[in-house]
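This report refers to the structure that appears directly beneath it.
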């Protein structure tokens, strides 16, 4: 057939198309409370008894990926979470971010370990109002005890409300 073949083309000059067969997120698992014993200890603990703050935020675990340290959680925010101007209070958004980030960090923790936040930064990009919001957090890097994470909070329609980054420590729970 003569001359050189252009990259991305076959010998006849047609564009070569390579179809990749893959699943977008093969390790993500939808949370089913009836299968609590199948999940990591932190998820089992949340399903058994939510923290009062998580209940106040109307937290609902949706999906996890234990391999990558990713979690997706829904929060139903209402007037109880508003500031005096009728929008969701920035402190409430920070509480949501801390909740989702610590849940992602705790996916690899063992029974008897906790995931306290060492520091957290929240960037407020848009106002939030009452309604269902979705938060996703993922581990960016994990050391022996320290975990670096990032999170995003969005409205249900996908508009980003806030982003956050955090440093969390995996530590033994000390009984007082």
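The values are calculated or read from the model by the stated rules, or taken from the named source; none is laboratory data. Please read all numbers here as calculations on a predicted model, not as lab measurements. Cβ placement follows ideal geometry from the backbone for every residue including glycine, while neighbour counts extend to all protein chains displayed.
Residue by residue, here is whether (1) free of Cβ contacts under 8 Å to residues at least 24 places away in the same chain; (2) closer than 25 Å to residue 28 by Cβ holds:
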{"site": "102", "(1), (2)": "no, yes"}
{"site": "116", "(1), (2)": "no, no"}
{"site": "127", "(1), (2)": "no, no"}
{"site": "130", "(1), (2)": "no, no"}
{"site": "143", "(1), (2)": "yes, yes"}
{"site": "164", "(1), (2)": "no, yes"}
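The single condition among (1) touching a helix residue (DSSP H, G or I) at 6+ places or on another chain (Cβ under 8 Å); (2) modelled with pLDDT under 90 that residue 59 does not satisfy is (2). The listed residues are 158, 91, and the only one of them that is without any contact (Cβ under 8 Å) to a residue 24 or more places away in the chain and on the phi > 0 side of the Ramachandran plot turns out to be 158.
Taking each residue of the stretch 63-81 that is at positive phi and modelled with pLDDT of 95 or more and looking for partners that are outside any loop (DSSP other than H, G, I, E, B) and surrounded by 15 or more Cβ atoms within 10 Å (Cβ to Cβ) with beta-carbon atoms closer than 7 Å, six or more apart or interchain, yields 69/104; 69/107; 69/108; 69/138; 69/139; 69/142.
Among the residues examined, residue 105 does not qualify as in contact with a strand residue (DSSP E or B) (Cβ under 9 Å, 6 or more places away or on another chain) and either at positive phi or surrounded by fewer than 18 Cβ atoms within 10 Å (Cβ to Cβ) (or both).
Candidates 120, 169: the one that is in contact with a helix residue (DSSP H, G or I) (Cβ under 8 Å, 6 or more places away or on another chain) and over 21 Å from residue 65 (Cβ atoms) is 120. When each of 122, 139 is tested for being surrounded by 17 or more Cβ atoms within 10 Å (Cβ to Cβ), farther than 29 Å from residue 37 by Cβ and at pLDDT 95 or above, the lone residue that passes is 122.
If only one of 162, 151, 128 is surrounded by 15 or more Cβ atoms within 10 Å (Cβ to Cβ) and farther than 18 Å from residue 101 by Cα, which one is it? Spell out how you get there, then give the answer.
Working: 162 fails: farther than 18 Å from residue 101 by Cα; 151 fails: farther than 18 Å from residue 101 by Cα.
The conditions single out 128.
Taking the criterion of being assigned to a strand (DSSP E or B) and over 10 Å from residue 135 (Cα atoms), the residues of the stretch 63-74 that qualify are 63, 64, 65, 70.
Specify the residue that is nearest to residue 138 (Cα to Cα); the eligible residues are those in the stretch 40-62 that are in a loop (DSSP other than H, G, I, E, B) and out of contact with any strand residue (DSSP E or B) (no Cβ under 7 Å at 6 or more places or on another chain). Talk me through it step by step, then tell me what you get.
Kept after step one, since they are in a loop (DSSP other than H, G, I, E, B), are these residues of the stretch 40-62: 40, 49-51, 57-58.
Filter once more, keeping what is out of contact with any strand residue (DSSP E or B) (no Cβ under 7 Å at 6 or more places or on another chain): 40, 49, 51.
On the way: 40: 16, 49: 23, 51: 21 Å.
Top of the filtered list is 40.
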